[in-house]
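A short worksheet on the structure shown next.
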Amino acid sequence: MIIHANKGRSIGKRDPMLYGQFIEHFHRQIYGGVYDPDSPLSDEDGLRTDVIEAMRQIKVPVLRWPGGCFVSSYHWMDGVGTERIPVFDKAWRVEEPNTFGTDEYIKMCRKIGCEPYICTNAGTGTAEEMSDWMEYCNLETEGKYARMRIRNGYTEPHRVRYWSIGNENYGSWEIGAKTSEEWSCLVTEAAKMLKHVDPTAELTAAALDDLDWNVALLKKCGSFLDWISIHGYWDAIHQTNALADYETCMTYTNTIEDSVRRVRGLLTAMGLENRIRIAFDEWNLRGWYHPNVHTIRQGVAKEEYLIPRDDNDINSSYTMADAVFAACFLNMCHRNCDIVGMAAFAPVVNTRGCIYTYPEGIVKRSTYHVFDLYVNHLGDVVLNGWTENEPWKIYRKHGREECRTSVLDVVVTAFSDKEGYAVAAVNKDPDEAAEIRIDLEAAGTVRIYTVNGPDKDSYNDIGREEVQIRVRNAGEYRWGMKLQLEPHSVNVIEICADPA
Ligand code: AHR
């Protein structure tokens, strides 16, 4: 493949929020994950210092919380103040202790150095409850909720800028699911009240790439919204945990851009493409494994939905397939950075997350290293490059269906604060190296950072670090330089006078 780009043709500056993360009150994400007051590894606020440090290293820009499905029956007032009363979480059907609530979340965000992004209860909650939450967080002193926060020991407002109205409220699985008509009415009223409390806040609303849902929503309240939220999990294994093999995961990359394309088209058709950006605020290759929970079927024993959740944390599940897919997803966001302004990997800790916790430490799964690579080495200006001789192959989906799939996925970036380029180059092929030729007006040393392991199924676990970032020097750049990309690898190729 020949890669061309020049600095006169750019798509724009990518928002660092593309590298965002999500955390939900589900299984071991909060309790026993990032929040573990009894752990010797936790600080005075009960936060695991090793987890916080790992999040700092990948410069998490924004962290969506508290759900997910959880939020659709969550009442924020249960999680503030000195009286924390446990409640039954009707989404995940477990007891929620409420010891981690808004103030703990804000403290965590401050320690990570990220923007908080609160998703509100639009299932059983009301527009008033959402805006009361915003009063608690954002008003200086006015009213009973700001005063409540001050009484709770937080004299300064939390200043939460990003707010989502709801989570997946279109889905039959969601508590308090809505029709599109009901949804556009609720979002309008909620947006009105939220913006009356804090006009500087940025609002998004739960949506999907469905035309009817979005037309109803955007016609009625497009003028109040700053964002539209969509989600994507490609390997739909919520019920089975039958992980797709490597080749199948590569065929999923063929549809990685579909939702963005459709939502972009709709925003454009409605004249909103310069006003509303896409927040892809839950994404992962693999759906979380939580069988038998979103059902009103009678006779399901508790063990049938509680015990399977542990299988999300089998570390051998998270291989180079996850890393390569994650890099392709981030490349897609970069190519669409004029309209995709935020994304959140779902989740950050445990379940399918990039960080796994155990009592004595953490494991950085394969996807963690992709974030590390992109955040710390890619440029912030995305060039509108072009390629010649794009290789493709037939990969089999589930060992059967033959799918024509592009082998390489490339994005060229430049830096707004220094000379040089950084090329993200993914080789999806499970077996063979691929050659790229880089034709850029560039000078300097070429350094290649590679996330890979010895095998396409390599993974990290306690005491096992197969997937890592390796660095090699490829000498001085010259026009038409050819480089070999290892099979199943994620690479950032820096061409800089002084590579950092
Ligand atoms: O499977 C994870 C759940 O999936 C999240 O809670 C929800 O938002 C999504 O549907």
**Message:** If I go through segment 264-274 residue by residue, how many of them are touching a residue at least 60 places away in the same chain (Cβ under 8 Å) and surrounded by fewer than 20 Cβ atoms within 10 Å (Cβ to Cβ)?
**Reply:** 2
**Prompt:** Which of the following residues is surrounded by fewer than 17 Cβ atoms within 10 Å (Cβ to Cβ), out of contact with any helix residue (DSSP H, G or I) (no Cβ under 8 Å at 6 or more places or on another chain), charged (D, E, K, R) and under 24 Å from Val340 (Cβ atoms): Arg261, Arg297, Arg277?
**Reply:** Arg261
**Message:** Please go through segment 52-72 and give me each residue that is out of contact with any Ser or Thr (no Cβ under 8 Å at 6 or more places or on another chain), over 20 Å from Tyr289 (Cβ atoms) and outside any loop (DSSP other than H, G, I, E, B), ordered by number.
**Reply:** Ile52, Glu53, Ala54, Met55, Arg56, Gln57, Val62, Leu63, Trp65
**Request:** Identify all residues within segment 70-125 that are among the aliphatic types (A, V, I, L, M) and within 15 Å of the ligand (Cβ to nearest atom); write none if there are none.
**Result:** Val71, Ala91, Val94, Ile118, Ala122
**Request:** Consider Asp409 carefully, then state whether it is closer than 18 Å to Ile11 by Cα, within 28 Å of the chain's Cα centre (by Cα), part of a strand (DSSP E or B) and of a type in the set (Asp, Glu).
**Result:** yes
**Prompt:** In this structure, is Pro66 under 23 Å from the mean Cα position of the chain (by Cα), closer than 21 Å to Arg161 by Cα and within 16 Å of the ligand (Cβ to nearest atom)?
**Reply:** yes
**Prompt:** Within segment 470-497, which residues are of a type in the set (Val, Ile, Thr) and either closer than 20 Å to Arg352 by Cα or in a loop (DSSP other than H, G, I, E, B) (or both)?
**Reply:** Val490
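Check Arg400, Arg437 and return the single one that is in contact with a Lys or Arg (Cβ under 6 Å, 6 or more places away or on another chain) and over 25 Å from Ser366 (Cα atoms).
Details: Arg400 fails: in contact with a Lys or Arg (Cβ under 6 Å, 6 or more places away or on another chain).
Step by step, each of Arg400, Arg437 is checked, and only Arg437 is in contact with a Lys or Arg (Cβ under 6 Å, 6 or more places away or on another chain) and over 25 Å from Ser366 (Cα atoms).
Of all residues in segment 29-51, count the ones that are in a loop (DSSP other than H, G, I, E, B) and either touching a helix residue (DSSP H, G or I) at 6+ places or on another chain (Cβ under 8 Å) or at positive phi (or both).
To start, the set of residues in segment 29-51 that are in a loop (DSSP other than H, G, I, E, B) comprises 29-30, 32-34, 36-41, 43-46.
Keeping just the survivors that are either touching a helix residue (DSSP H, G or I) at 6+ places or on another chain (Cβ under 8 Å) or at positive phi (or both) gives 32-34, 41, 43, 45-46.
So the count comes out to 7.
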**Fill in**
Checked segment 156-174 for anything within 11 Å of the ligand (Cβ to nearest atom) and touching a residue at least 12 places away in the same chain (Cβ under 8 Å); matches are Ser164, Gly166, Asn167, Glu168, Asn169, Tyr170, Trp173, Glu174
**Fill in**
By my count, helices (runs of 4 or more DSSP H) wholly in segment 264-381 with at least 1 residues that are away from the ligand (no atom under 16 Å from the Cβ) and under 26 Å from Tyr117 (Cα atoms) are 320-335, 366-377
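Residues to consider are Leu194, Leu186, Leu217; find the one that is away from the ligand (no atom under 16 Å from the Cβ), closer than 20 Å to Val340 by Cα and not acidic (Asp, Glu). Please lay out each step first, then the result.
Values: Leu194 fails: closer than 20 Å to Val340 by Cα; Leu186 fails: closer than 20 Å to Val340 by Cα.
Testing whether each residue is away from the ligand (no atom under 16 Å from the Cβ), closer than 20 Å to Val340 by Cα and not acidic (Asp, Glu) leaves just Leu217.
Only the coordinates and a few stated rules stand behind these numbers; no lab work does. Predicted, not measured: the structure shown is a model, and the values here were computed from it. Every residue, glycine among them, receives a Cβ derived from its backbone with ideal geometry; neighbour counts consider all protein chains shown.
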